[in-house]
1. State yes or no: is Gly129 in contact (Cβ under 8 Å) with a residue 40 or more places away in the chain and either in a helix (DSSP H, G or I) or within 20 Å of Arg54 (Cβ to Cβ) (or both)?
2. Scan region 1-17 for residues that are within 25 Å of the chain's Cα centre (by Cα) and surrounded by 15 or more Cβ atoms within 10 Å (Cβ to Cβ) and jot them down.
3. Residues Glu53, Glu79: which one is in contact (Cβ under 8 Å) with a residue 24 or more places away in the chain, open to solvent by less than 30 Å² (accessible area, probe 1.4 Å) and charged (D, E, K, R)?
4. Considering only residues that are open to solvent by less than 40 Å² (accessible area, probe 1.4 Å), part of a helix (DSSP H, G or I) and not small (Gly, Ala, Ser), which ones fall in region 93-115?
5. Which is buried (at least 16 other Cβ atoms within 10 Å of the Cβ) and farther than 21 Å from Ala29 by Cβ, of Arg148, Arg66?
6. In region 12-41, what count of residues is obtained for those that are part of a loop (DSSP other than H, G, I, E, B), among the small types (Gly, Ala, Ser) and at pLDDT 85 or above?
7. Among the residues in region 71-85, are any part of a helix (DSSP H, G or I) and aromatic (Phe, Trp, Tyr)?
8. What pairs can you find where one residue is in region 88-115 and at pLDDT below 85, the other is open to solvent by 40 Å² or more (accessible area, probe 1.4 Å) and of a type in the set (Val, Ile, Thr), and their Cβ atoms are less than 9 Å apart, with a gap of 6+ or different chains?
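The values are calculated or read from the model by the stated rules, or taken from the named source; none is laboratory data. Here the structure is a predicted model, which is why all the values come from computation and not from measurement. Every residue, glycine as well, gets a Cβ built from its backbone with ideal geometry; the counts of neighbours run over all protein chains shown. To get the accessible areas, we keep the full protein, side chains included, count just its heavy atoms, and leave off ligands, DNA and RNA. Shrake-Rupley method; radii C 1.70, N 1.55, O 1.52, S 1.80 Å.
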Amino acid sequence: MSNFVYHPSFNGKHAEQRIMLDPAPIPRADTRWYFSENPTTKANSQLLTPDQERIIFLQFNYCRWRASRDGGEWTAKGEALKARIIEYNLALVISMVCRFVNVGSSEYDDLVCEGNVSLLRSVELFDIGKGFKFSTYACHAICNIIFRRLRKKARELPTIPEPDLG
């Protein structure tokens, strides 16, 4: 876990105290709805506030930065923060997939898997210092992967020749 998005506050005096210990703890998201028979995003999904999002991404990248220097416990802390970010954004994947396919359709599960992979990648690459919301960044990445998958599927469909009318 050596890749990180650097932020100038990582090098400051008492950076660990200011980034990791001073902010109020962010509770874990309830993800039981995601593992139900038919997950829906409207019922139980939770969202991070902009301040919570900023804090958790700073903590995540600080842990990755420290892991690249010190290793050890920082790698585990970074992975735990990454899992929490993902838990809060599972509803984003479901809502994006539901825009393009119905829940019971054959490609629904595949698109959710592809969307989750895109979400994982988005968490690793997101830079909170640019001032954007994570959901905006992740939506673009998830939509791109869905569009690619649907275009690929459309190319694979066999064409049925029309009968000769003559």
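1. On the way: in contact (Cβ under 8 Å) with a residue 40 or more places away in the chain: yes; either in a helix (DSSP H, G or I) or within 20 Å of Arg54 (Cβ to Cβ) (or both): yes.
Here the answer is yes, as Gly129 does meet what is asked.
2. Listed by number, the residues that qualify are Met1, Phe4, Val5, His7, Phe10.
3. Details: Glu79 fails: open to solvent by less than 30 Å² (accessible area, probe 1.4 Å).
Exactly one residue qualifies, and that residue is Glu53.
4. Matches in region 93-115: Val93, Ile94, Met96, Val97, Tyr108, Leu111, Val112.
5. On the way: Arg148 fails: buried (at least 16 other Cβ atoms within 10 Å of the Cβ).
The unique qualifying residue is Arg66.
6. We begin by selecting, within region 12-41, every residue part of a loop (DSSP other than H, G, I, E, B); these are 12-14, 22-31, 36-40.
Now narrow it down to the ones that are among the small types (Gly, Ala, Ser): 12, 24, 29, 36.
Next, from what is left, pick out any that are at pLDDT 85 or above: 24.
Residues that pass the stated criteria total 1.
7. Here is the first cut: in region 71-85, the residues part of a helix (DSSP H, G or I) are 73-85.
Then drop every residue that is not aromatic (Phe, Trp, Tyr), which leaves 74.
Within region 71-85, one or more residues are part of a helix (DSSP H, G or I) and aromatic (Phe, Trp, Tyr).
8. Final answer for the pair search is Val103/Thr40.
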